[in-house]
Structures are given as structure tokens and as C-alpha cells.
Amino acid sequence: MAGRWGAGAASVPSGPTAVSLVGSTGSIGRQAVDVVMAEAERYRVVALGASRSVDKLAEQAWALRPEVVAVADAGLAGSLSAKVPPGTEVVAGADGLIAIARLGDVVVNGVVGFAGLSATLAALESGRRLALANKESLIAGAPVVQRARATPGAEIVPVDSEHCALHQCLRAGRVPDEVARLVLTASGGPFRGRTRAELAGVGVEEALAHPTWRMGPKITVDSSTLMNKGLEVIEAHELFGIDYDRVDVVIHPQSVVHSMVEFTDGATVAQLSMPDMRLPISYALGYPARGSVSYGAIDWAAGGHLDFETPDRELFGCLGLAEEAGRAGGVAPAWLNAGNEVAVAAFLDGAIPWGAIAEVVAETLQSCEQVPVECAEDVVEADRRARERAAKAVESRGPAA
Ligand SMILES: NC(=O)c1ccc[n+]([C@@H]2O[C@H](COP(=O)([O-])OP(=O)(O)OC[C@H]3O[C@@H](n4cnc5c(N)ncnc54)[C@H](OP(=O)(O)O)[C@@H]3O)[C@@H](O)[C@H]2O)c1
């Protein structure tokens, strides 16, 4: 069972580890570049890729000298070719992203949203280690991703800080039989402790003001609704094979305890560090060896305290919706994820108020049609249908709070 989530499955490579960075221009991607550059003798970047950020991709290409750079927007291939160092191959379109996700010893998937599914599948189907930040691909595509994960050589090491923490804690016991429960910590986001009345008129700027993490806009909004934690409950279930009754969520505003595992003898093992995504990225790149550069080490002499509280599931309805979709299984998590992506984009565009995000997701889920999932196209079709339904739910509302 241990091999399913990674422990003992990998060996330490003898030369530099070849790394492919998919989504290299985003928050995760740029921090992955920092990690790789800080241990330049240990890692060699062979490929980079993003959606449209041509200037950032070119800047990274000059700094890292990869063999291939991919841009998902095919119309930007010419502009990128003119900017990268001579001899660098440029690939474009959806196939370009897939091509770079098949390269290297480790593929970092730092793409945001369902768009990351093809990179996740390509990395696993080609027997790579997948350093997975793009949780949406595992959640929405679980039936096909789990099949791809069985490819010889393939493994997922999570980059999401909570799951990276769980991955580390689980090394202390036998999975799943010695695990009593997984406890995911949540900062509670910018709206922790607010009343329903106080939440009624919150705007985009407030939702993007996360108290402990600096991340891309989509995950930051997900943190404000607790959808991020709901998605992470499903992610934990899929990564570690622990049933939903044994996955709990606790609010921990300091974001120092990144998650915990309670074992059957009553012992709780936790992973602690200051909030810094470079630590989980470094862990996923180097696993099973530890990185030699320290990120987020705690200064105990500085004092401080750690608080824990129960999440407010009534005010933050997305958490329960995600748990419900996870338990339903099949394509329900894909419908949940699509409904949420549409709702968050609408909120960021000013088309619906913050409180309508949970309503749009709930309405989308109500229409979920369970169908057998034989292949990736079935997941893509479920995502498409759910987006249609979610768009109608958005249209029927409006920007008024
Ligand atoms: N940021 C964090 O600290 C953090 C922590 C835990 C988990 N995560 C997860 O990591 C993932 C990335 O989050 P982020 O915060 O780094 O997002 P982000 O800052 O918005 O970056 C997104 C990246 O994905 C690329 N991208 C967007 N759409 C794409 C498409 N259709 N095809 C290919 N590439 C596309 C973007 O390229 P362009 O620049 O060209 O648009 C960019 O490189 C998410 O799944 C998130 O939940 C993030």
C-alpha cells in the first residue's frame, strides 16, 4: 500500500535531476524556479511551459537554458521563438504542453485549474514523477488519473502544502491500517470570524487579501470560501486512499502546522514550518532525499502560539459541497470543480457577489449526471456540461450583493 502514495517508490538519482516546469510563470512555477536555482548542481531544467506569458517564459529560458519551451496559446509561438535563446525549441498549443509534461525525471504541474489535466495525465502515463500542485486535475479527473498513476515508474508527490505535510507525516506509520485520521489544517482565509452580515458585501480586493499565503487569484478566492479546503479533502482521499470518514478539517490561522496524521495508537504526527511554498516544492523535487536549502524553518526563540478552531460550515458552504461531491464520487468532483471555476471567474470579473459562489456551485452539482468514466474525454465532457450549467446559474444572478 505504501507504494501507492509514494513512500519507498523512488530512488535518489545519481546525476542532476531533470525537471520539467509546466505552468512555470505562475506563483508555484516561479517559486519552483527559485528552488531549482538555489540547488543548481542538483537540478537541471529541461522544459518550461505556460499559457500566454511570453516575456516571462523568455526571461526564464535565458536564466535556465531549457531544451524546450511551450506556450499553450499557439498564436504566440512566433513571438516566443523570437525571444528565447538560440537553439531553444519552441512548441505550442495544447500538444506542446503535453509534450513537455512527458520530459524529465520530475514534472512540476503548476498550471491552474482543469486545464492542468492533460499535463497530469501525460506525466503519469509516461512514467514520470509528478510534483503535483494542480489539485484540480486529480480531483476532477480522479478515475483516469488513478489509472495513469499505475503506469510503471509513475508516482505523485504532492506540492500542496497540506498534502506534502501529510506525505511526510505518513512516513511515520503504515498506510492505511495504522492511520486513524488525516487532519487538514486551513488558515480560514481573509473572512474567518466574519458574520453573515459582514460577508454580504465583500469585494474582490478583500477576497484576494490572504492573511498568510501569497498565491495566484483562483486559489486565493478558493481559500476565502473554504472551497480550497473542500478540494483538498478530495485530494487527500485520492492521494492517500483514506476514506472520507477519516479526513477532518481544522482551522489553524497561523499556517504553521501544515497538516497532521493521527495514528491508531493515539499519536499525532504533524509537520510544522513557516508558510513558504518553496519547502513543499523542494520536498517534491528531491524526494526521498531532503533539500539542502532551508525554507520556512521556525525560530522557536521568537515565541508565538498555535490556535485551532472548528470551521463554520454554514457560512462557508463550499466545504460541505466539496465533501458531498467527494463522497458521491464518479464525475461529481468534476462537476463541483467546473462549477467552482466558473463561479470564481465570474466573481473575479465582478459578475456575481462573493456569496453567490457557493450558490452557483450548489446549483451546478444539483444537475450532475453520473456517467461511467472510461477515458479522459469522458471527464472533459463532464467538465463541459457542468460549465454550461454553471454559466446559466451565473447568468440568472447578477453583480448585486
Ligand atoms: N500558489 C500557491 O502558493 C499554491 C499553493 C498550493 C497549491 N497551488 C495550486 O497550484 C496551481 C497553480 O496555482 P498558482 O497560484 O501558481 O496559479 P497562477 O499564479 O495563476 O499561475 C498559473 C499558471 O498556469 C498557467 N496556465 C493558466 N492557464 C493555462 C492553460 N490553459 N494552459 C496552460 N497553462 C496555463 C499560467 O500561465 P500564464 O502565466 O501564461 O497565464 C501560469 O503559469 C493551482 O492548482 C493551485 O491550486 C498553488
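Only Cα pairs within less than 10 Å get springs; with that Gaussian network setup on the chain, which residue of Ala172, Ala390, Ala325 has the largest fluctuation? With Cα springs under 10 Å in the chain, the top fluctuation among Ala172, Ala390, Ala325 is at Ala172. Ranking Glu41, Glu206 by solvent-accessible area of protein heavy atoms (1.4 Å probe, all protein chains present), from largest to smallest, gives Glu41, Glu206. Accessible surface for Val293 stands near 50 Å², nearest 10, in the context of the full protein assembly shown (1.4 Å probe). Solvent-accessible area per residue in the chain equals 39 Å², computed with a 1.4 angstrom probe and all protein chains kept.
Region 97-164: percent of C-alpha pairs farther apart than 19 Å?
When all Cα pairs of region 97-164 are counted, 16 percent exceed 19 Å.
Across Gly326, Gly189, Gly296, mean-square fluctuation computed from a Gaussian network of the chain (C-alpha pairs under 10 Å connected) peaks at Gly296. About its Cα centre, region 12-84 has a charge dipole of approximately 60 debye under the convention of +1 per Lys or Arg Cβ and -1 per Asp or Glu Cβ, with nothing else charged. Ordering Val68, Ile156, Ala301 by the projection of their Cα atoms onto the charge dipole of the chain, which places +1 on the Cβ of Lys and Arg and -1 on the Cβ of Asp and Glu, puts Val68 at the extreme positive end. Heavy-atom accessible area for Arg327, with the other protein chains in place and a 1.4 Å probe, reaches approximately 140 Å². Put Leu306, Leu130 in order of accessible area, highest first, and with a 1.4 Å probe you get Leu306, Leu130. The share of accessible area on the chain that comes from carbon and sulfur is 53 percent, using a 1.4 angstrom probe. In the assembled protein chains, Asp34 presents an accessible area of approximately 70 Å² (probe radius 1.4 Å). The overall shape of region 107-215, judged from the alpha-carbon gyration tensor, is oblate: a/c is not under 1.5, and a/b is no greater than b/c. Which entries in the list Lys56/Lys229; Lys135/Lys392; Lys135/Lys218; Lys56/Lys218 go over 23 Å, if you measure between the two C-alpha atoms of each? Result: Lys56/Lys229; Lys135/Lys392 exceed 23 Å.
When the gyration tensor of the chain is built from Cα positions, what are the square roots of 5 times its three eigenvalues, in whole Å, from largest to smallest? Walk me through the intermediate numbers first.
Numbers: eigenvalues 180, 140, 92 Å².
Three semi-axes, in Å: 30, 26, 21.
Sort the following peptides by mean Cβ neighbour count (other Cβ atoms within 10 Å, averaged over residues), highest first: 95-102, 22-29.
22-29, 95-102
For Cys375, Cys318, give me the order by solvent-accessible area with a 1.4 Å probe, most accessible first, ignoring ligands, DNA and RNA.
Numbers: Cys375 50, Cys318 0 Å².
Descending order: Cys375, Cys318.
Per residue, the convex hull spanned by the Cα atoms of region 86-129 amounts to 82 cubic angstrom.
The values are calculated or read from the model by the stated rules, or taken from the named source; none is laboratory data. These figures come from a predicted structure and were not determined experimentally. Cβ atoms come from the backbone with ideal geometry, glycine included; neighbour counts cover every protein chain shown. Side chains are part of the model used for accessible areas, which takes the heavy atoms of the whole protein and leaves out ligands, DNA and RNA. Shrake-Rupley method; radii C 1.70, N 1.55, O 1.52, S 1.80 Å.
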